[in-house]
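Before any comments, here is the structure.
The values are calculated or read from the model by the stated rules, or taken from the named source; none is laboratory data. All of these numbers come straight from a predicted model, not from anything done at the bench. Quick reminder, even Gly has a Cβ in these numbers, built from the backbone with ideal geometry, and neighbours come from all protein chains shown.
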Amino acid sequence: MEANNINRRKFMKLAGMSGAMLAIGFETFAIEGPKVLKKLMAEDFVEGTPLNPFVVIAEDGTISIMATVPELGQGIFQAIPAIIAEELEVDMDQVTVVKSSASRKYGRQSIGGSRSVRTMYQPMRKLGAATKEVLIEAASKKWGVAKSALYAKSGKVHRTDTKDFVEYKDLVATAAAIEVPKNPNLKTKKDFSIIGKETVRTDILSKVNGTADYGIDARPDGLLYATIERCPTLQGKPISYDKEAALSVQGVTDVMEVTRSVYKNKNTGIAVIAETHYAALEGRKKLNVKWDNAEFSKLNSESYFREMKELAKKDHLNHKDQGNFNQSFANAASTLDVVYEQPHQSHSCMEPMNATVHVKEDNTVEVWAPSQSPQVQRQFARQLGIPDDQAEEKIKVHLPFLGGGFGRRSMNDPLEECFQISKELRKPIKLIWTREDDTTQGPFRQATVHAMKAAFDDQDNPTGVQHKMISEAITTQFRPSNGKIPFEVMEGISTHYDFDNYSIQYGEYNSQLPIHWWRSVFGSTNGFAHEAFIDEVAVKAKQDPLQFRIDRLNSEPRQVKVLERLKKEANWDKKLGANEGKGVAIVESFGSIVAHAVFLKREGNQVIISRVVSVVDCGIVINPNQAKAQTEGNIIYGLTAAMKGAITFKDGVAEQSNFHDYAILRINEAPRDIQVYLMENDENPGGMGEPGLPPIAPALVNAVADLTGKRIRKLPFDLQKV
């Protein structure tokens, strides 16, 4: 990888450099606030002078901006540098985006919850603007003119009274001595030249031509490969295994026990280390492990859902309690009383879980971390007896590209396992999970049950709605809820619909199964049940489902505007043919609002998704192309979850193991046309990596109901059997 290709001349030049540095930090985005660079990390081995941890200016005027957030396909590799460049007044074709390593000088580098742009937008604008202002002040000193007589453009400071200009590269030394403004002036939206424009992602070419470095591509000298045999029931201890049989395979060098942390559980596996990945897999086949796992073999999906449905009959913690739903239901002229359910699911990233770690004889460490939470230096340092304040000096963590993440890579169990092996052997180790490991070992997306009720008067007008959500919670796997609704479990359930009696409750179900953040998390399950049931209410009330939502969301003008735009762009009111159906859903999650309209058509014996029309309100958009791409990706991922994937358990073991029985959507099954429209406003940016997923499953089943009259309340389902 590129971190190994630093030449000696550049190292000596930069390591000995004592030139001007400009430290710009804002506590709003940093854990401890970026500090003046004392030791240059690998990403700083570029020609030029570092102005701050994020920006380096070269002698030829090139601006290098660090991509500090893990890139897993969400486009953040380009987005954050683009925000800085906008306020710094440099053009993107002047910018070289440099992949950073993990370091606390960059603040928080973990990603999830579609939060990167949301949390970094203003801080990165301020960083860019503050850098620009000190450069302008440096030019002011150079020319002896007021700052008001100067302006920055395309990496230069210009005078307004003459045609003179000076390039940024010639101002760094002076700028370093100038006090950094804490509240620099920011550009107005109308003056943006990068933000909101369809700029080219700088990482795409390398991903197309095969030169991009993913975690699985790391190959330091002397590399050995590891694979791990794990208990099939997720928990259990090895009783015995045939170490000598595994060692007899040509190329196998070592066999050892390793521990995998899954929240509070410590699971033991048997690692086989070899000169090649193939040899490691062959050695693993000969281990013949006997497991002590009797107490964990009782779990079955059938009993899992039966117990959750029983739990749904009881009252639980109130998320919203308006009016008196029980009374309205008891006095109703008619009612709806149904249950929705969704299964566990695997993340199934295209790049399987992997890690590469080299714990060296001198107790320094080099890590290649395809992780959503890459700042592991202190964790590893403590296991090596290295003080916290020396962790980043002793432990180098590279950030390769991630071949998908979807939340799974925010758990660092592969890194921890790989570190244990390398720590023992003091050799570079690449650990690769097989697809079967990835599918069967979890952690998984939560399974949920939703008890839905609605009350109607004698005119079929809804008088009350209730939604009881039953599920495990992610956060209570490592901290108790203390009688409160756990963090984020109600994501995607709208509390804004106008019903006189509105009850939303959460009931926690406890299980041995580990669950973890999965793309859009609880929004993926809650959005399905809630928006599908809202459709049932609208149809029983004999109202158009889209207009019903508009009429019941008067307190949310942004959502109303999204629905009105969807109505227009989808040509919703156009009469459909006899073999056509349409469905709609809207969900707000992660700071953004997304509504989908799904159109189905029966062609002979086949039902096809003829069109999906999406309207997205994510506030100010950094790159419209990427916002649309993320929405399209969410649609495909969400349709896969709705129609394909399900992880079920029998005797504690996952019944699915690979793509032959845990399928993904194929090209011929995908929508024939996807249209994405972005709302234009001045709201702060919302997330984009996840919000497009929650509305797609309900819009799909609502379209099925419109086409066939059949309500789908359990996922996944076969579209060709409706």
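Could you check the range 129-150 and list, in sequence order, the residues that are touching a strand residue (DSSP E or B) at 6+ places or on another chain (Cβ under 8 Å) and either touching a residue at least 60 places away in the same chain (Cβ under 8 Å) or closer than 30 Å to residue 75 by Cβ (or both)?
Answer for the range 129-150, where residues must be touching a strand residue (DSSP E or B) at 6+ places or on another chain (Cβ under 8 Å) and either touching a residue at least 60 places away in the same chain (Cβ under 8 Å) or closer than 30 Å to residue 75 by Cβ (or both): 131, 132, 135.
Residues are listed down the side, and each one gets a yes or a no for (1) surrounded by fewer than 24 Cβ atoms within 10 Å (Cβ to Cβ); (2) of a type in the set (Gly, Ala, Ser); (3) out of contact with any His (no Cβ under 7 Å at 6 or more places or on another chain); (4) assigned by TED's automatic domain parsing to the domain that holds residue 508:
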| site | (1), (2), (3), (4) |
| --- | --- |
| 381 | yes, yes, yes, no |
| 405 | no, yes, yes, no |
| 414 | no, no, yes, no |
| 417 | no, no, yes, no |
| 479 | yes, no, yes, yes |
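Can you pull out the residues in the range 398-412 that are in contact with a Ser or Thr (Cβ under 6 Å, 6 or more places away or on another chain), under 25 Å from residue 475 (Cα atoms) and outside any loop (DSSP other than H, G, I, E, B)?
Correct list: 409, 410.
Quick check, is residue 494 of a type in the set (Ser, Thr, Tyr) and part of a loop (DSSP other than H, G, I, E, B)? Walk me through it before giving the result.
Values: of a type in the set (Ser, Thr, Tyr): yes; part of a loop (DSSP other than H, G, I, E, B): yes.
Here the answer is yes, as residue 494 does meet what is asked.
Which one of the conditions (1) over 25 Å from residue 667 (Cβ atoms); (2) basic (Lys, Arg); (3) touching a Leu at 6+ places or on another chain (Cβ under 8 Å) does residue 575 fail to meet, given that it meets all the rest?
All conditions are met except number (3).
Matching residues to (1) surrounded by fewer than 21 Cβ atoms within 10 Å (Cβ to Cβ); (2) at pLDDT 95 or above:
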site	(1), (2)
512	yes, no
537	no, yes
550	yes, yes
557	yes, yes
589	no, yes
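Looking only at the range 259-285, which residues are within 26 Å of residue 479 (Cβ to Cβ) and either polar (S, T, N, Q) or in contact with a helix residue (DSSP H, G or I) (Cβ under 6 Å, 6 or more places away or on another chain) (or both)?
259, 260, 261, 263, 265, 267, 268
Take the residues in the range 54-70 that are surrounded by 24 or more Cβ atoms within 10 Å (Cβ to Cβ) and modelled with pLDDT of 90 or more, then tell me which one is nearest to residue 216 (Cα to Cα).
Taking the candidates together, the pick is 70.
Does any residue of the range 434-447 turn out to be farther than 25 Å from residue 306 by Cα and either touching a helix residue (DSSP H, G or I) at 6+ places or on another chain (Cβ under 9 Å) or buried (at least 23 other Cβ atoms within 10 Å of the Cβ) (or both)? Please lay out each step first, then the result.
Start the filter on the range 434-447 by keeping residues that are farther than 25 Å from residue 306 by Cα, which leaves 434-438.
Still in the running and either touching a helix residue (DSSP H, G or I) at 6+ places or on another chain (Cβ under 9 Å) or buried (at least 23 other Cβ atoms within 10 Å of the Cβ) (or both): 434, 438.
Among the residues of the range 434-447, at least one is farther than 25 Å from residue 306 by Cα and either touching a helix residue (DSSP H, G or I) at 6+ places or on another chain (Cβ under 9 Å) or buried (at least 23 other Cβ atoms within 10 Å of the Cβ) (or both), which makes the answer yes.
If you take the residues in the range 217-241 that are surrounded by fewer than 19 Cβ atoms within 10 Å (Cβ to Cβ) and among the hydrophobic types (A, V, I, L, M, F, W, C), which one is nearest to residue 74 (Cα to Cα)?
Top of the filtered list is 223.
Select, from 244, 257, 275, the only residue that is surrounded by fewer than 17 Cβ atoms within 10 Å (Cβ to Cβ) and either of a type in the set (Val, Ile, Thr) or farther than 25 Å from residue 370 by Cβ (or both).
Values: 257 fails: either of a type in the set (Val, Ile, Thr) or farther than 25 Å from residue 370 by Cβ (or both); 275 fails: either of a type in the set (Val, Ile, Thr) or farther than 25 Å from residue 370 by Cβ (or both).
None of the other options fit; the residue is 244.
Would you check which residues across the range 176-219 are within 30 Å of residue 412 (Cα to Cα), assigned to a loop (DSSP other than H, G, I, E, B) and among the polar types (S, T, N, Q) and list them? Break it down into steps so the answer makes sense when it comes.
At the first step, the residues of the range 176-219 found to be within 30 Å of residue 412 (Cα to Cα) are 201-219.
From what is left, the residues that are assigned to a loop (DSSP other than H, G, I, E, B) are 201-203, 210-213, 218-219.
Selection gives 202, 211.
Under the condition of being small (Gly, Ala, Ser) and surrounded by 20 or more Cβ atoms within 10 Å (Cβ to Cβ), which residue from the range 337-379 is farthest from residue 71 (Cα to Cα)? Talk me through it step by step, then tell me what you get.
Step one: list which residues in the range 337-379 are small (Gly, Ala, Ser), which gives 346, 348, 355, 369, 371, 373.
Then drop every residue that is not surrounded by 20 or more Cβ atoms within 10 Å (Cβ to Cβ), which leaves 346, 348, 355, 369, 371.
On the way: 346: 21, 348: 17, 355: 16, 369: 12, 371: 9 Å.
Among residues in the range 337-379 that are small (Gly, Ala, Ser) and surrounded by 20 or more Cβ atoms within 10 Å (Cβ to Cβ), the one farthest from residue 71 (Cα to Cα) is 346.
Only one of these is out of contact with any Ser or Thr (no Cβ under 9 Å at 6 or more places or on another chain) and either over 23 Å from residue 588 (Cα atoms) or assigned by TED's automatic domain parsing to the domain that holds residue 567 (or both): 710, 628. Name it. Please lay out each step first, then the result.
Numbers: 628 fails: out of contact with any Ser or Thr (no Cβ under 9 Å at 6 or more places or on another chain).
Exactly one residue qualifies, and that residue is 710.
How many residues are part of a helix (DSSP H, G or I) and closer than 18 Å to residue 90 by Cβ if we restrict to the range 154-175? I'd like the intermediate steps shown before the answer.
Start the filter on the range 154-175 by keeping residues that are part of a helix (DSSP H, G or I), which leaves 168-170, 172-175.
Now restrict to residues that are closer than 18 Å to residue 90 by Cβ: 168-170, 172, 175.
Residues meeting the conditions: 5.
Please work out which residue is modelled with the highest pLDDT, limiting yourself to the range 413-463 and to residues that are small (Gly, Ala, Ser) and in a loop (DSSP other than H, G, I, E, B).
Pass one, the range 413-463, residues small (Gly, Ala, Ser): 422, 442, 447, 451, 454-455.
With the extra rule that they be in a loop (DSSP other than H, G, I, E, B), the set shrinks to 442, 447.
Working: 442: 95, 447: 98.
Checking each candidate, the answer is 447.
For the range 83-94, which positions are part of a helix (DSSP H, G or I) and either surrounded by fewer than 23 Cβ atoms within 10 Å (Cβ to Cβ) or outside the structural domain of residue 124 (by TED's automatic domain parsing) (or both)? Before you say what the answer is, go through the steps one by one.
Residues of the range 83-94 that are part of a helix (DSSP H, G or I), as a first pass: 83-88, 92-94.
Once the filter is applied, which keeps residues that are part of a helix (DSSP H, G or I) and either surrounded by fewer than 23 Cβ atoms within 10 Å (Cβ to Cβ) or outside the structural domain of residue 124 (by TED's automatic domain parsing) (or both), the range 83-94 yields 92, 93, 94.
For the range 247-285, enumerate the residues that are among the polar types (S, T, N, Q) and under 26 Å from residue 514 (Cβ atoms). First the steps, then the outcome.
Kept after step one, since they are among the polar types (S, T, N, Q), are these residues of the range 247-285: 248, 250, 253, 259, 261, 265, 267-268, 276.
Of everything in the range 247-285, those that are among the polar types (S, T, N, Q) and under 26 Å from residue 514 (Cβ atoms) turn out to be 259, 261, 265, 267, 268.
Restricting attention to the range 604-622, and to residues there that are among the small types (Gly, Ala, Ser) and touching an Asp or Glu at 6+ places or on another chain (Cβ under 9 Å), which single residue is surrounded by the most Cβ atoms within 10 Å (Cβ to Cβ)?
Checking each candidate, the answer is 614.
Among residues belonging to the range 334-350 that are touching a Lys or Arg at 6+ places or on another chain (Cβ under 9 Å) and in a loop (DSSP other than H, G, I, E, B), point out the one that is nearest to residue 540 (Cα to Cα). Full working, then the answer.
Within the range 334-350, the subset touching a Lys or Arg at 6+ places or on another chain (Cβ under 9 Å) is 334-349.
Then keep just the ones that are in a loop (DSSP other than H, G, I, E, B); that gives 343, 346-349.
Numbers: 343: 27, 346: 35, 347: 36, 348: 38, 349: 40 Å.
Once the filter is applied, the top-ranked residue is 343.
Of the conditions (1) aliphatic (A, V, I, L, M); (2) closer than 16 Å to residue 607 by Cα; (3) crowded, with 23+ Cβ neighbours inside 10 Å, residue 643 clears all except one; give me its number.
(3)
For residue 170, indicate whether it is closer than 16 Å to residue 86 by Cβ, out of contact with any strand residue (DSSP E or B) (no Cβ under 9 Å at 6 or more places or on another chain) and charged (D, E, K, R). Steps first, answer last, please.
Numbers: closer than 16 Å to residue 86 by Cβ: no; out of contact with any strand residue (DSSP E or B) (no Cβ under 9 Å at 6 or more places or on another chain): yes; charged (D, E, K, R): yes.
Considered against the rule, which asks whether it is closer than 16 Å to residue 86 by Cβ, out of contact with any strand residue (DSSP E or B) (no Cβ under 9 Å at 6 or more places or on another chain) and charged (D, E, K, R), residue 170 comes out as no.
Quick one: is residue 520 surrounded by 24 or more Cβ atoms within 10 Å (Cβ to Cβ) and modelled with pLDDT of 95 or more?
Working: surrounded by 24 or more Cβ atoms within 10 Å (Cβ to Cβ): yes; modelled with pLDDT of 95 or more: yes.
Against the criterion (surrounded by 24 or more Cβ atoms within 10 Å (Cβ to Cβ) and modelled with pLDDT of 95 or more), residue 520 qualifies.
Condition test on residue 671, is it within 20 Å of the chain's Cα centre (by Cα), outside the structural domain of residue 199 (by TED's automatic domain parsing) and within 21 Å of residue 581 (Cα to Cα)?
Working: within 20 Å of the chain's Cα centre (by Cα): no; outside the structural domain of residue 199 (by TED's automatic domain parsing): yes; within 21 Å of residue 581 (Cα to Cα): yes.
When the stated conditions are applied, residue 671 does not pass them.
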